[in-house]
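Before any comments, here is the structure.
The values are calculated or read from the model by the stated rules, or taken from the named source; none is laboratory data. Please read all numbers here as calculations on a predicted model, not as lab measurements. We place every Cβ from the backbone using ideal geometry, glycine too, and count neighbours over all the protein chains shown. We work out accessible area using only protein heavy atoms, side chains counted, and drop any ligands, DNA or RNA first. Shrake-Rupley method; radii C 1.70, N 1.55, O 1.52, S 1.80 Å.
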Amino acid sequence: MKINDNFLKIESSYLFSTVAKKQREYQQAHPEADVIRLSIGDVTRPLAPAVIEAMHKAVDEMAQEDTFRGYPPEYGYDFILEAIQKNDYADRGIDISKDEIFLSDGAKSDCGNIGDIFSVDNKIAVCDPVYPVYVDTNIMAGRSGDKDENGAWKNFIYMPCTAENNFMPDLPKEKADVIYLCFPNNPTGMCATKEQLKKWVDYALQNDALILFDSAYEAFIVEDDVPHSIYEIEGAKKCAIEFRSFSKTAGFTGMRCGYTVVPKDCVFEGHSLNPMWARRQATKFNGVSYITQRAAEAIYTPEGKKQIKEILSYYQKNAKVIYDGLREAGFTCYGAVNSPYVWLKVPDGMTSWEFFDLLLEKCQVVGTPGSGFGPSGEGYFRLTAFGNNQRTVEAVERIKKYFK
Ligand SMILES: *Cc1c(COP(=O)(O)O)cnc(C)c1O
């Protein structure tokens, strides 16, 4: 037996384990310290009442012989696919058909699994800093090659996103085959306008490239000129796959549900990707639980929409508190407007990790060093809006007091 030795190339998740370790050590050394975590990448508000109610009802159905459900359809029940098609696409004037939508257990799995349908020989382009899933899954698949002397994977194209380009990746100079884009972005909290996305769609169409568009944070968009879907851009149905998640939208991180759109017009080497993904899912995935699908359906009801909006505004309030407070304290900040993330420039002459230590020691606040998301994240720092309102206010007060 031979193992997939690509796995040996992957570094253990150094970032979050180191953050947790440093916090633990500090707490042990200072048992009285009241440490506040603005590093959480998980939601904290409970599920909306409409969602809970839908689940209770579904549970009762599962208890009766005549309403019990076994295996769900591999791609999702009609009721949820119709709700998605109507609310996320048709109502925005986007023509996506039901059989182009594939319900799943979340965007992370789909972002990772999508690589099954394209060749190992493709040249991958990723933003830097980046959501690590895009990188690690391509290393596992054998697309990375070896590391160069700077620690970068030789076969990947890195697209730096820094203050210099306003965190918008530049078109790659060498030809990319598969391009990962995520807007609103994790970790920078920045978004692409229609015009900026059009540049990417045009590039993909001209270069026979595929865009993998992660819009896990779509629900945080508040500004008018920010597209909610890549299919708002003309031509995108020919070159883009879109990943959506109910995790950040509706607090479903523990529920596990999302979906992926693979348009039939996405044709490469004469083959549509839609039936390929359908085949992949039918073979390796047995569907999302009925109870979860009913829960997801409830997000799209009038009460569900209203309740979710309130939960999102809770986080949006935190984002504003962090953004405004940090600016008052003299920091240069990005993100926060259409995003639960605030991305800030650490003081001159400090590394991201040095700033992490300083913030923990002087303010008892934990954040995430930008360098953990890629080399171009060095000198930046991520704070998240997923915490408790009062605790967030308290954390920001401490930072203001120390740095002002
Ligand atoms: C949180 C997050 C997701 C969501 O993943 P799920 O598996 O649906 O919970 C996807 N992409 C990014 C960039 C994220 O930050």
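Observations on the structure shown:
- Qualifying residue in the range 112-128 (condition: closer than 19 Å to SER12 by Cβ and in contact (Cβ under 8 Å) with a residue 60 or more places away in the chain): no
- Boolean, ASP136 is open to solvent by less than 40 Å² (accessible area, probe 1.4 Å), in contact (Cβ under 8 Å) with a residue 60 or more places away in the chain and either charged (D, E, K, R) or at positive phi (or both): no
- Qualifying residues in the range 190-225 (those that are in contact with a Lys or Arg (Cβ under 8 Å, 6 or more places away or on another chain) and not in a helix (DSSP H, G or I)) - the one surrounded by the fewest Cβ atoms within 10 Å (Cβ to Cβ): ASP225
- Residue in the range 101-108 that is within 16 Å of the ligand (Cβ to nearest atom) and on the phi > 0 side of the Ramachandran plot present: yes
- Residue check, ASN186 within 16 Å of the ligand (Cβ to nearest atom), surrounded by 22 or more Cβ atoms within 10 Å (Cβ to Cβ) and of a type outside the set (A, V, I, L, M): yes
- Considering each residue of the range 349-362 in turn, at least one proves to be hydroxyl-bearing (Ser, Thr, Tyr) and open to solvent by 40 Å² or more (accessible area, probe 1.4 Å).
- Selected residue [surrounded by 15 or more Cβ atoms within 10 Å (Cβ to Cβ) and over 24 Å from the mean Cα position of the chain (by Cα)] from GLN23, GLN28: GLN23
- Complete set of residues in the range 335-394 that are assigned to a loop (DSSP other than H, G, I, E, B) and on the phi > 0 side of the Ramachandran plot: ALA336, GLY349, GLN364, GLY374, GLY379
- Restricting the range 325-345 to residues that are charged (D, E, K, R) and closer than 21 Å to GLN390 by Cβ, the residue that is least open to solvent (accessible area, probe 1.4 Å): GLU328
- Count of the range 216-260 residues, restricted to those that are within 14 Å of the ligand (Cβ to nearest atom) and of a type in the set (A, V, I, L, M), is 5.
- Total residues in the range 256-269, condition within 17 Å of LEU103 (Cβ to Cβ) and either surrounded by 21 or more Cβ atoms within 10 Å (Cβ to Cβ) or under 13 Å from the mean Cα position of the chain (by Cα) (or both): 7
- Looking only at the range 114-155, and only at residues there that are among the hydrophobic types (A, V, I, L, M, F, W, C) and part of a loop (DSSP other than H, G, I, E, B), the one that is farthest from SER376 (Cα to Cα): PHE118
- Tabulated pairs, the range 349-367, first over 12 Å from ARG398 (Cα atoms), second of a type in the set (Lys, Arg) and open to solvent by less than 40 Å² (accessible area, probe 1.4 Å), C-beta under 7 angstrom, 6+ apart or interchain: GLY367/ARG382
- Looking only at the range 120-149, and only at residues there that are more than 23 Å from SER352 (Cα to Cα) and of a type in the set (A, V, I, L, M), the one that is farthest from the ligand (Cβ to nearest atom): VAL120
- When the range 80-133 is filtered for residues that are among the hydroxyl-bearing types (Ser, Thr, Tyr) and open to solvent by 10 Å² or more (accessible area, probe 1.4 Å), the ones remaining, listed by number, are SER97, SER109, SER119, TYR131.
- Selection count where residues are open to solvent by less than 10 Å² (accessible area, probe 1.4 Å) and without any contact (Cβ under 8 Å) to a residue 60 or more places away in the chain, scope the range 234-245: 4
- Test: residue in the range 156-176 that is open to solvent by 50 Å² or more (accessible area, probe 1.4 Å), part of a loop (DSSP other than H, G, I, E, B), in contact with a helix residue (DSSP H, G or I) (Cβ under 7 Å, 6 or more places away or on another chain) and without any contact (Cβ under 8 Å) to a residue 40 or more places away in the chain: yes
- In the range 44-79, of all residues being of a type in the set (Asp, Glu) and part of a loop (DSSP other than H, G, I, E, B), the one that is surrounded by the most Cβ atoms within 10 Å (Cβ to Cβ) corresponds to GLU74.
- Selection status of ILE311, closer than 30 Å to PHE373 by Cα, more than 15 Å from the ligand (Cβ to nearest atom), assigned to a helix (DSSP H, G or I) and open to solvent by 10 Å² or more (accessible area, probe 1.4 Å): yes
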